[in-house]
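One structure is given below, encoded as structure tokens.
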Amino acid sequence: SEEKALGYLRAMLKSYRDGNDNAKPDSFIFNCIITMLARSNSKESTLSAYKTLMAMENQQRSGNTSVAPDTITYNTVLGKLARFPSKESAKKAMALLNTMEEGLTGSNTAIAPDILTYTTIVRLQEKIGDSRRAANIASSYLQRLVSNEDEKLHVDRFGLRALLMA
């Protein structure tokens with residue numbers, strides 16, 4: 001069913017590129033597919049979820065205003081990357097975090113990272129054995145939280161524990 005859903009999305013994108021406005025994909029369609037891929041137990045679906053998010057970003061950059069990934073979309077893909085930890089997954093996760101952090105300073109605050117973002121990335125870094133990077137990410141978040149630079153930053157009990165343990 002994953003391949004079938006991705007095939008439908010590819011067909012929609014091709015039809016839309018060919019001028020069929022009725023095939024214009026929106027955030028709902030992309031998020032459904034990303035969520036389905038994230039729930040899959042297949043390791044191969046990890047790359048598909050990441051590529052689907054990249055296609056979503058490309059649609060938005062191309063002017064499709066009905067496509068806008070948000071923090072939940074990014075966190076879903078990050079969670080999938082963390083389920084199958086590898087250096088490649090960690091590299092993709094860091095790229096996504098950088099994009100999300102740019103949202104803090106730019107105009108796209110809809111993709112601003114939250115405590116789930118940071119704890120997922122910290123745990124992924126720990127799983128691949130990069131405890132130094134995990135500690136740096138945790139420290140950065142905690143410093144911003146304490147300095148109150150960004151009043152949108154919040155931490156819950158479990159998130160604080162994960163960050164402190166890093």
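The values are calculated or read from the model by the stated rules, or taken from the named source; none is laboratory data. These numbers were taken from a predicted model, which means no experiment stands behind them. With ideal geometry, Cβ positions are generated from the backbone for all residues, glycine too; neighbour counts draw on all protein chains shown. The area values use the complete protein model at the heavy-atom level, side chains included, leaving out ligands, DNA and RNA. Shrake-Rupley method; radii C 1.70, N 1.55, O 1.52, S 1.80 Å.
Miscellaneous remarks
- Extension reserve of the Asn22-Asp70 stretch, reckoned as 0.36 nm per residue once the Cα distance is removed: 14.9 nm
- Cut-off of 10 Å, at most 13 other beta carbons, DSSP loop: longest stretch of the chain lacking such GluC sites (Glu not before Pro): 1-148
- Using alpha-carbon coordinates, inclination of helix 87-105 to the longest axis of the chain, degrees: 90
- With the simple spin-label model, which puts each label point 7 Å out from Cα in the Cβ direction, the Asn58 to Ala95 separation comes to 1.2 nm.
- In the structure shown, the pairs Lys14/Lys87; Lys51/Lys127; Lys4/Lys127; Lys24/Lys127; Lys24/Lys87 are assessed against 30 Å; a Cα-Cα span above that value is assigned to Lys14/Lys87; Lys4/Lys127; Lys24/Lys127; Lys24/Lys87.
- Percent accessible area from carbon and sulfur atoms, the chain, protein chains only, probe 1.4 Å: 51
- Cα gyration tensor shape for the stretch 1-150, rounded if a/c is under 1.5, else prolate or oblate: oblate
- Between Ser139 and Lys14, the simple spin-label model (points 7 angstrom out along Cα→Cβ) gives 5.1 nm.
- Per residue, the solvent-accessible area of the chain (1.4 Å probe, heavy atoms of protein chains only, all protein chains present) comes to 57 Å².
- Dipole check for the chain: with +1 at the C-beta of Lys and Arg, -1 at the C-beta of Asp and Glu, and the Cα centre as origin, the magnitude is about 580 Debye.
- Helix 131-147 and the longest principal axis of the Cα set of the chain meet at an angle near 80°.
- Rounded to 10°, Cα long-axis angle of helix 71-83 versus longest principal axis of the chain: 80
- Cα gyration tensor category, rounded, prolate or oblate, for the stretch 64-146 with a/c compared to 1.5: oblate
- In terms of its C-alpha gyration tensor, the stretch 21-102 comes out oblate, because a/c is 1.5 or above while a/b does not outweigh b/c.
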